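Peer 1: Before anything else, here's the structure in question.
The values are calculated or read from the model by the stated rules, or taken from the named source; none is laboratory data. Since this is a predicted model, take the numbers as computed values, not measurements. Backbone-built Cβ (ideal geometry, glycine too); neighbour counts: all protein chains shown. Accessible surface is based on the protein model in full, side chains and every heavy atom, while ligands, DNA and RNA are left aside. Shrake-Rupley method; radii C 1.70, N 1.55, O 1.52, S 1.80 Å.
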Amino acid sequence: MNAHPFMFGPASRQIFGVFHAAGDGRPGSTAVLVCPPFGQEGLRTHRFFKVLAERLARSGVATLRFDFHGAGDSPGDESEGELDGWRRDLCSAHEELRRRAPGSRIVWVGARLGATLAVLAARNGRCDPARLVLWEPVIDGRRYARLLREQHVVAIDTTFCIPDLAWRRNLAHDPDALPEEALGTLLSPALRTQLGALAPESLPLTALHDTLVLTSPDDQHTAQWAAEQQSRHMPVRLAYFQHRLDWTADPYPNSAMVPADALNRLQGALHE
């Protein structure tokens, strides 16, 4: 496959990316920017998005994958990670993809916190994606942080075979506290503050971008958020989607690394 790893962005904030050129070598009518999840969810889906990018490239869709500053293979310390900087990283990646696929209609495919960052970046007005595909976006920062804490405790118990009573006591005593670490990834003070303030009402969509929201049938919070955006007459559509990918598994036996149904669903979402 024609995959090209490289560094881009301003000298003070370099970002690592992998560009998957269209299979025929010519820019197509559509190009995709992948906005990855945070922490363990990003590690868990790394291969999935690699396979998705390869599929898209074979079908004539140029795709750019990248790591946010301080994450993955990008320079920087994870203790510096925060939403405002990552939003700017996303815009830098958008400009890089536009340079490499000139004239293409750019679609952002974001998952989890990456989808949230896509909403924030698109709303900022510095970037101009034609379409947003948001896969289970994080719309409630405190609920998300609690999930990470709970999964962190489960992972420790599973790894060491003996439950860590201190972690469990802390979780029971203050279940809504924002963690400093979650599944092996540090959360900076700035990120904890931003997650604490992240709520559905802080994520309004704009009429500038056609948006598809993919979430599970039992996720009523995201469904309600999407309905509120529709009531504002925003061009957003909600689609329920069940898959076998466990975002925080390491991995567990019932969780697929690259579920075919998810690949097919996201590839098809570009053209709905």
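Peer 1: Grab the Cα-Cα distance for residue 165 and residue 59, subtract it from 0.36 nm times how many residues apart they are, and report the gain in nm with one decimal.
Peer 2: The residue 165-residue 59 span can extend by a further 33.1 nm.
Peer 1: Let me ask you something else. Please compute the length gained on full extension between residue 80 and residue 51, using 0.36 nm multiplied by the number of residues separating them and subtracting their Cα-Cα distance.
Peer 2: 7.5 nm
Peer 1: Right, here's the next one. By accessible area of protein heavy atoms, probe 1.4 Å, what ranking do 144, 240 get, highest first?
Peer 2: Output order, biggest surface exposure first: 240, 144.
Peer 1: A further question follows. Add +1 for every Lys or Arg and -1 for every Asp or Glu among the other residues with Cβ under 12 Å from the Cβ of residue 224, and state the total.
Peer 2: -4
Peer 1: For percent of Cα pairs over 29 Å apart, the listed values are (i) 30; (ii) 34; (iii) 49; which was obtained by calculation from the structure presented?
Peer 2: (i)
Peer 1: For the chain, which whole percent of the accessible surface, found with a 1.4 angstrom probe, sits on carbon and sulfur atoms?
Peer 2: Solvent-exposed carbon and sulfur of the chain make up 52 percent of the total.
Peer 1: Magnitude of the Cβ-charge dipole of region 171-241, K/R +1 and D/E -1, about the Cα centre, nearest 20 debye?
Peer 2: Rounded to the nearest 20 debye, it is 300 debye.
Peer 1: What is the gain in length, in nm to one decimal, between residue 124 and residue 224 on full extension, counting 0.36 nm per residue of separation less the C-alpha to C-alpha distance?
Peer 2: Separation in residues times 0.36 nm, less the Cα-Cα distance, equals 33.7 nm.
Peer 1: With +1 on each Lys and Arg Cβ and -1 on each Asp and Glu Cβ, and nothing else charged, work out how big the dipole of the chain is about its Cα centre, in Debye to the nearest 20. Each step should come with its number before you reach the end.
Peer 2: Working: 29 positive and 32 negative charges, 184 e Å.
With only Lys, Arg, Asp and Glu charged at Cβ, the dipole is about 880 debye.
Peer 1: A further question follows. Counting only other residues whose beta carbon sits under 10 Å from that of residue 240, what net charge do I get with K and R as +1, D and E as -1?
Peer 2: Net local charge, residue 240 excluded: -2.
Peer 1: I'd like the FRET efficiency for residue 4 and residue 258, computed as 1/(1 + (r/R0)^6) with the beta carbon distance as r and R0 of 25 Å, rounded to 0.05.
Peer 2: Working: r = 22 Å, r/R0 = 0.87.
For residue 4 and residue 258, the calculated efficiency is 0.70.
Peer 1: So, counting K/R as plus one and D/E as minus one, what does the shell of residues with Cβ under 14 Å around residue 112 add up to?
Peer 2: -3
Peer 1: Under a point-charge model restricted to the Cβ atoms of Lys and Arg (+1) and Asp and Glu (-1), what is the dipole moment magnitude of region 34-157 relative to its Cα centre, in debye to the nearest 20? Can you show the working numbers first?
Peer 2: On the way: 20 positive and 17 negative charges, 135 e Å.
Approximately 640 debye in magnitude.
Peer 1: Can I ask one more? Does region 94-225 classify as rounded, prolate or oblate by the C-alpha gyration tensor (a ≥ b ≥ c root eigenvalues; a/c under 1.5 gives rounded; else a/b over b/c gives prolate, otherwise oblate)? All intermediate terms of the calculation are to be shown ahead of the outcome.
Peer 2: Numbers: a/c = 2.41, a/b = 2.11, b/c = 1.14.
Prolate is the answer for region 94-225, as a/c is 1.5 or above and a/b outweighs b/c.
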